[in-house]
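Scroll down for the structure; my scribbles are underneath it.
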Amino acid sequence: MNNLTLTSHLKHQERILMQEAAGTVVLLDLDGGQYYALDGTAGRAWDLCDGHREVSEIAGIMGREYDAPAGNIEHDLIELFTELANENLVDAIA
């Protein structure tokens, strides 16, 4: 999935189990048994990826929390969410 934009809404796949440990978000794909680890800001982005917010809104929240330029965060989020979508961990919704 390479067509994510700043107006995309993403949600977690229902078959993904999430646990937080020592500042790392650990994801388990219940279908395939694969584990994924999201450290720091990637874990925070996962938390905010609830299907209700646009990528641009998530970038704004994270920009305020981490005092970083929105443009940099937007670019990084598109990359992260594209990777998560390619692993079938998130879905883009209308």
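Some notes on this structure:
- Residue ID - nearest to Ile73 (Cα to Cα), chosen from residues in region 2-17 that are in contact with a strand residue (DSSP E or B) (Cβ under 7 Å, 6 or more places away or on another chain), in a loop (DSSP other than H, G, I, E, B) and not polar (S, T, N, Q): Leu6
- Selection of region 19-66 for residues being hydroxyl-bearing (Ser, Thr, Tyr) and under 16 Å from Asn88 (Cβ atoms) yields Tyr35, Tyr36.
- In region 49-61, the count of residues that are touching a Leu at 6+ places or on another chain (Cβ under 8 Å), over 20 Å from Asn3 (Cβ atoms) and among the charged types (D, E, K, R) is zero.
- As a summary of the residue check, Thr82 satisfies the conditions (1) at pLDDT 95 or above; (2) over 12 Å from the mean Cα position of the chain (by Cα); (3) among the hydroxyl-bearing types (Ser, Thr, Tyr) except for the one numbered (2).
- Residue match in region 5-12 (condition: out of contact with any helix residue (DSSP H, G or I) (no Cβ under 9 Å at 6 or more places or on another chain), free of Cβ contacts under 8 Å to residues at least 12 places away in the same chain and within 16 Å of Leu84 (Cα to Cα)): no
The values are calculated or read from the model by the stated rules, or taken from the named source; none is laboratory data. Here the structure is a predicted model, which is why all the values come from computation and not from measurement. Counting neighbours? That spans all protein chains shown, and the Cβs are built from the backbone with ideal geometry, glycine included.
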